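Down below is the structure, laid out as structure tokens.
The values are calculated or read from the model by the stated rules, or taken from the named source; none is laboratory data. Values in this document were obtained by computation on a predicted structure and should not be read as measured data. Don't worry about glycine lacking a Cβ; one is built from the backbone with ideal geometry, like all the others, and counts go over all protein chains shown.
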Amino acid sequence: MSPRPANSGEGGQLGVTRSADGDREKPRTPKQAETPKPAETPTPAERQRQVALHYLRGTKIGDDPSDEVFERFIGAVIDGIGAPPPSRYEKVSYNAGFRSLSHGGMTDLTYDASLAQGVQLLAERAAEPGEVIFGYSQGAVAASFYKSAHSGNRYVLVENPSRPNGGIMARFPGVSIPVAGVTFSGATPHNGDHTVDVARQYDGWADFPAELWNPLAVANALMGILVVHGGTQTEVTADEIRAAESAGRRYYQYDADSNTVYYLLRTPSLPLLMPFERVLPRRVVDAVAGPLRWFIETAYDRSDYSRPTRSTFL
């Protein structure tokens, strides 16, 4: 499950560039500008070798598709990143709770306890070397914890709250909300295992602003939690993932140091404007969307998704 050859989609000179969205990117360092070949170059036989895939679903809030639908979603992601389909799916049936907010209400585990259970149950599976660990949302955080203590597997993380530059767990590392049983656990660790991290733009769990001075960016990400996050399980297509590879560094990066491929799937409509699309003429929404997207993007640094980045006010 190695990435395709990295493609920056941009020229080779360093400095400030302008993205397809028309907003200004931060200056890049030499490390960020180069797009090295993946550290692993599998043989054709290895590319075709099918292995088991162990998956952890997300928190049971809102959209909760059947396992059959979720496995089709996994298949679309695996197809989109160019990996062979798994030989079989192995579900890790953990609580996936967020006490009082998830479907089980007060009978569900707290978020931290649910994560701990997911990590324990995944460890009990004793995944063989080369097998795939797939985590979505809370499941991606559990997979990140597992990765910190195990090596030899391959990881696919979707809407990962621990995404180093974007995930809300990495934006506020060390923050704890004891009454809710939630600890912001920081970024997905790097241990050399090949990892693919896929996020949808403006989903606040995986693509939260780095700069909090911009209230519209924060509000847009919070709205994205409501209107973008859950739909990922039924809306993302393989073609959408493949398209990100040719859309430039903002949407596709490979980091050799962590052996991780990062995808950002563009959200065509701003979450803040989605409620108005049903009541206002399209031309009115479009007239507002361009300048608003530009302003929202000023709160993000998309130059290097592998760099753990806290949210700050300045």
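The figures follow:
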read-out	value
Residue check, Leu212 farther than 18 Å from Ala289 by Cβ and either among the charged types (D, E, K, R) or modelled with pLDDT of 95 or more (or both)	yes
So Ala143, is it modelled with pLDDT of 95 or more, under 18 Å from Val261 (Cβ atoms) and part of a helix (DSSP H, G or I)	yes
Criterion violated by Asp108 - all others in (1) more than 24 Å from Gly80 (Cβ to Cβ); (2) buried (at least 24 other Cβ atoms within 10 Å of the Cβ); (3) among the charged types (D, E, K, R) satisfied	(2)
For Ala206: the one exception among (1) assigned to a loop (DSSP other than H, G, I, E, B); (2) over 23 Å from Ile61 (Cα atoms); (3) of a type in the set (Gly, Ala, Ser)	(2)
The lone exception for Lys91 - which of (1) buried (at least 19 other Cβ atoms within 10 Å of the Cβ); (2) among the charged types (D, E, K, R); (3) closer than 22 Å to Lys147 by Cβ it fails	(1)
Of all residues making up the range 146-183, the number that are part of a strand (DSSP E or B), closer than 22 Å to Tyr252 by Cα and among the β-branched types (Val, Ile, Thr)	2
Residue within the range 275-296 that is closer than 24 Å to Ser162 by Cβ and either crowded, with 22+ Cβ neighbours inside 10 Å or under 17 Å from the mean Cα position of the chain (by Cα) (or both) present	yes
Flag for Val227 being assigned to a helix (DSSP H, G or I), within 19 Å of the chain's Cα centre (by Cα), surrounded by fewer than 24 Cβ atoms within 10 Å (Cβ to Cβ) and without any contact (Cβ under 8 Å) to a residue 60 or more places away in the chain	yes
Count of residues meeting criterion [under 13 Å from Asp112 (Cα atoms) and either touching a residue at least 40 places away in the same chain (Cβ under 8 Å) or polar (S, T, N, Q) (or both)] in the range 162-184	5
Condition met for Ile241 (more than 20 Å from Phe208 (Cβ to Cβ) and at pLDDT 95 or above)	yes
Residues (under 19 Å from the mean Cα position of the chain (by Cα) and not small (Gly, Ala, Ser)) located in the range 89-145	Tyr111, Leu115, Val119, Val132, Ile133, Phe134, Tyr136, Gln138, Val141, Phe145
Residues (on the phi > 0 side of the Ramachandran plot and crowded, with 24+ Cβ neighbours inside 10 Å) located in the range 192-208	Tyr202
Lone qualifier among Arg307, Arg242, Arg250 - being touching a residue at least 40 places away in the same chain (Cβ under 8 Å), basic (Lys, Arg) and buried (at least 18 other Cβ atoms within 10 Å of the Cβ)	Arg250
Restricting the range 129-141 to residues that are under 23 Å from Arg72 (Cα atoms) and not small (Gly, Ala, Ser), the residue that is surrounded by the fewest Cβ atoms within 10 Å (Cβ to Cβ)	Glu131
Selection count where residues are within 30 Å of Asp239 (Cβ to Cβ) and not in a loop (DSSP other than H, G, I, E, B), scope the range 77-121	8
